[in-house]
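All remarks here apply to the structure that follows.
What follows draws every value from the coordinates through simple rules; no lab data is involved. Since this is a predicted model, take the numbers as computed values, not measurements. Every residue, glycine among them, receives a Cβ derived from its backbone with ideal geometry; neighbour counts consider all protein chains shown.
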Amino acid sequence: MRVSGTGLAARLAPLLSLPEPRRASLRTLRWEGFREQALVLFFPAPASYTGEDLVEFQVHGNPLLVRRLVERLGSLGVRLAEPGEFTRRALLNGKQGLLEAEALRDLVGAETDTQIRLAQARAGGLPSWLLESRQALAPWVARAEAAVDYGEEEGILLDLLVLNGDLAPLRSRFHVEQSRSRAARHLQDGLRLALVGRPNAGKSTLFNALAGEDRAIVTEIPGTTRDVLEVRCEWRGLPLRLYDTAGLRDTEDPVERLGVARVHPVLEGADLVLHLWPAPDPAPDPVLQAALAPFAGKVLEVRTFGDLAGAPGVAIAAHQGDLDALEVALRDRILGGLAPDACLGALATARQVALLDDLARQLDLLAGLAPGCPPELPASLLQGAWGLLARLTGEDRAERTLDELFSGFCLGK
């Protein structure tokens, strides 16, 4: 149990005397007929996680005993924490930054090894390129404001050629980080892959091979899969959210028809639709092609049973474990050819990716201004970029942003 606040030594005095700072000590807690032996740690402000006095109790895990102790703490003016409140206080007290808090949230919610590594790589504070960006922008923001306010009186000019030449490396770095962030975002959320194909196209075999377990029934009887099956897994360093769908065909079986009807929403939400087309088939199924037409931009054709007949493109043999071509194609289409480890340290949350996109757009607009334009235009873009950078790093702490962030935490963080 963890308690944070001001003046905890006095507040908790009716329950116990606090031990020496940062030294685990056995204490006897007494209240209303209860007597509990607890291991207690005391971290006085500001040298604590939250920056406030912080006390941790290690007590026996009986739920009723814990509830009674919580009630006693409540009588001493201690309330239950809101979700993420400990980390929020740490942020507001300058003990950690916004990017670190977001990394902690993602670490708590990670479901695969890759997602753990992504979160841990972002937990070390501001990336060096963000610090360098701030240093590069600061003098130009100041000069642009001076040119607007005192340009005519003081002869302060804003040379766009020099400005854009100086910021060109920064603009290039933003575009590199955009690519890494988009890939990291997919890895953070998990790649949503929908497997579609005619009956007996090898969907369930591939589904089981990627999942690493037999989750879907595999038979030679068409229409075995009647519903959409979903599983989360990690395959070759790629966090996946797999959807095995019913074979798309005209059928009179009412149960199978329900399964086919549920495929469309899955295709809409998928990052990539794998159209499984058996290599021995001379042409893809026309019914399936018509169904996939609205999703053409995210359809990847995968030739299954590649060991039975030669086929161009992405050819696999899932029943033999031959999936190398699919791995290459997924990294190319979803990760832009990057390896998962190349995304370590990249910005990855929806908020971070959106702000990075806006930052890159501001500098692209700045590069497109014509020489001789009024200084108010570049000044406005530079100020906008500076504000976006402050929001990204957490220096501009909008309450709405904090509320959205910490609502995803558990009570103990």
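Overview of values
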item: The chain: calculated mean residue ellipticity at 222 nm from DSSP helix runs of at least 4, using -39500 (n - 2.57); result: -14500 deg cm²/dmol
item: Share of alpha-carbon pairs per 10 Å distance bin for the stretch 313-354, given as whole %; result: 25, 38, 23, 13, 1
item: Packing-based exposure ordering (other Cβ within 10 Å, fewest first) of 122, 391; result: 391, 122
item: Summed side-chain charge close to residue 36 - residues other than residue 36 whose Cβ falls under 14 Å, Lys, Arg +1, Asp, Glu -1; result: +4
item: Top of 305, 174, 34 by mean-square fluctuation, Gaussian network on the chain, Cα under 10 Å; result: 34
item: Rounded to the nearest 20 debye, dipole of the stretch 334-391 from Cβ charges on Lys, Arg, Asp, Glu; result: 120
item: Cα-based Rg and Dmax for the stretch 259-396, where Dmax is the largest Cα-Cα distance (Å); result: 22.5, 68
item: Fewest-first ranking of 182, 67, 27, using other Cβ atoms within 10 Å as the exposure measure; result: 67, 27, 182
item: Among 388, 242, 369, residue whose mean-square fluctuation peaks in a GNM of the chain (springs only between Cα atoms under 10 Å); result: 369
item: About the Cα centre, charge dipole magnitude for the stretch 2-80 (Lys/Arg +1, Asp/Glu -1 at Cβ), debye; result: 160
item: Residues 232, 361 arranged by fewest to most Cβ contacts within 10 Å; result: 232, 361
item: Per residue convex hull volume, Cα atoms of the stretch 2-80, in Å³; result: 86
item: Within the chain: Cβ-based charge dipole about Cα centre, in debye rounded to nearest 20 (Lys, Arg +1; Asp, Glu -1); result: 1640
item: Mean separation of Cα contacts under 8 Å (6+ apart) over length of the chain, as relative contact order %; result: 18
item: Cα gyration tensor category, rounded, prolate or oblate, for the chain with a/c compared to 1.5; result: oblate
